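First up is the structure itself, then whatever we jot down about it.
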Amino acid sequence: MERHSLVKEFLMEQERPGRIVRAAGVVSGATLLSRILGFVRDLIIARAFGAGTATDAFFAAFRIPNMLRELLGEGALSAAFIPVFTEAFTKRGRESAWRLAWTILTLLALLLVLISIAGILLAPWLVRLIAPGFQAIPSKLHLAIYLTRLMFPYILFIGVAALFMGILNSQGHFATPALSPSILNIAMIGCALFLTPYVDPPILALAIGVLIGGVGQLLIQIPVVWRRGMGAHRGFDLSDPAVGRISRLMTPGVAGLAITQVNVFIGTLLASLMGEGGISILYYAFRLIQLPIGVFGVAIATAAFPAMARQAANRSLGEVGATVAYAIRLVLFVTLPAMIGLMVFRIPIVQLLFERGAFDRTVTLATAEVVLFYAFGLGAYVSNRILVPAFYSLQDTATPVKIGMVAVTVNIASSLLLMRPMGLAGLALATSLSSFVNLGLLLIVLRRRLGQLPGLSFRSLAPLGGAAIAMALIALSLVYLRNPLTVEPSLRRAGVLTLELVTSFAAFLAATACMGSEELRGVWRGLTGLIRRARGAPSGEDCH
């Protein structure tokens, strides 16, 4: 009962903004490590393979199991499982909750085995569907099919790992799940560096790294879940009404995430029709956008979701609204500077990270142009990461589906309209526009459901907007005075870019401080709390 009390106490404390900031700090730190390793991985891939036939085939092949992982593993399952498991843990007790977890684990593993087998058998048709442009180059098509078949079992390992992630997050343990993606990056880096000379084709080493990484992501979480009580409370109860509730919630949840993946699918399909390297350029560009999304957006959403689930379970809709509003302001506070930095310094950033070997100046400029239009929608991307779980916490997975269908329609129409005059940049802009449509509709519906969202008025957001404008002016001035591209040595180029980024961000912080930003104070309190906890945290603290 002592552990149950600790978990219950933590979930109650999650309702406090400071707790969300500290939990998000834990996730952000682990995610930042993963993203750094991810950039090292992409740097190695870019240097070895550039943007061509092999990388196009690999990224298209990896997108298929990765898409299914998000549909059936991390996304829909977590959205349906965390609120129901949290409710079971707090109202029915730990034994009933763990029995529910074992039942879902058994059903999920069986489902993922069947999907993996089906994916291996249907790989030729799946590749032709997601990348029809490959049919013009038979060698690229056959390579993509081969890599797809090899990597499809990844969904089994990562799907079960995602269930464990949901269990740990619902109990307030964020660090281990957030660290698990680092295992995938380490595995791919190791295979790219040391296995490439021994396999034919060399790109095969990356696919093997994906499989090893998937196994590692699962294994790293098993000991923690076991210690939390899953090993001591085994059982299987298919008649539990909670199992049916999770299944019913997952169905529209899968549909909602499928809509999100349709956007990715459309981009891949159209890019495959736009010449050699199109898919790879979109991938490298969006990797830069994923850094702030993962480090800030996903981290804050991960920390806030259990709090919203707890508040919704207690029918405290006003508190859910307050948590949503605070989380959105917090996520905008940390992502607006990233958006401005990526837009203004896009060319030197891409050059510094990727331009070497097969990744030449032409690819750098093309990738930087795509980054500009992806970054335009960064605020919408991260805000949607908060709003969709807010609906999930209310056990409403249908509304985001309906809204997502409208957003997909906008994306398709915009992509077809913009791709001819703007090329790959038009596809990126279409993605951003559809994200803004999704954001606006989610906000309208959620306001009707919860009432006013305190703190999301124009007046409360104006200081963030003013600080962002101040940072943009400083950043543009620095680029005008001294373009980092003119500095040839890599070390000096990195130094100049770092100085300009730090100066621009300092201007943003100074502006928010002068305007009395509540978010700045909240981040400061959260950071100091993390430091104090790191120096002398009690052994029972759950957010480690």
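Values in this text are rule-based calculations from the coordinates and carry no lab data. Source: prediction; values computed, not measured. Neighbour counts are summed over all protein chains in view; Cβ atoms, including those assigned to glycine, are modelled from backbone coordinates with ideal geometry.
Please work out how much length the chain gains when fully extended from LEU193 to GLU95, using 0.36 nm per residue of separation minus the C-alpha to C-alpha distance, in nm with one decimal.
Numbers: separation 98, 0.36 × 98 = 35.28 nm, distance 4.62 nm.
Stretched out fully, the LEU193 to GLU95 stretch lengthens by 30.7 nm.
Taking N as the number of residues in the stretch 183-244, what value does Rg over Cα atoms divided by 2.2 N^0.38 Å take?
Working: Rg = 18.1 Å, N = 62, 2.2 N^0.38 = 10.6 Å.
Relative to the rule-of-thumb radius for its length, the stretch 183-244 sits at 1.72.
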| task | Compute the separation of the alpha-carbon centres of the stretch 339-356 and the stretch 144-174 and state it in Å as a whole number. | result | 31
| request: Pull out the extension gain between SER139 and SER457, defined as 0.36 nm times the separation in residues minus the alpha carbon to alpha carbon distance; nm, one decimal. | output: 109.0 nm
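How much space per residue, in cubic angstrom, does the convex hull of the C-alpha atoms of the stretch 376-448 take up?
Per residue, the Cα convex hull of the stretch 376-448 comes to 72 Å³.
I want to verify the translational diffusion coefficient of the stretch 420-472 in µm²/s; compute it with Stokes-Einstein, Rh as the Kirkwood radius over Cα pairs, at 10 °C and 1.306 mPa s. All intermediate terms of the calculation are to be shown ahead of the outcome.
Details: Rh = 13.7 Å.
After rounding, the answer is 116 µm²/s.
Can you work out the FRET efficiency for the pair LEU365 and SER316, with r the C-beta to C-beta distance and R0 = 60 Å, to the nearest 0.05? Walk me through the numbers on the way to the answer.
Numbers: r = 51 Å, r/R0 = 0.86.
It comes out at approximately 0.70.
How would you order 134-141, 469-476 from highest to lowest mean count of nearby Cβ atoms within 10 Å?
On the way: 134-141: 15.5, 469-476: 18.8.
Peptide ranking by packing, descending: 469-476, 134-141.
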| said: Considering only C-alpha atoms, what is the centroid distance from the stretch 417-434 to the stretch 194-215, in Å? | reply: 33
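What is the packing order of peptides 174-180, 507-513, taking the mean over residues of other C-beta atoms within 10 Å and listing the highest first? Before the final figure, lay out the partial values.
Working: 174-180: 22.4, 507-513: 19.1.
By packing density, highest mean first, the sequence is 174-180, 507-513.
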| task | Give me the number: length gained by fully extending LEU114 to ALA513, i.e. 0.36 nm times residue separation minus the C-alpha to C-alpha distance, one decimal in nm. | result | 138.2 nm
| said: Suppose we keep just the alpha-carbon trace of the stretch 342-419; what are its Rg and Dmax in angstrom? | reply: 17.2, 50
| said: If I model a spin label as a point 7 Å beyond the Cα along the Cα-Cβ vector, how far apart are those points for LEU107 and THR409 in nm? | reply: 3.3
| query | If r is the Cβ-Cβ distance from SER477 to ARG47 and R0 is 30 Å, what FRET efficiency results, to the nearest 0.05? | reply | 0.35
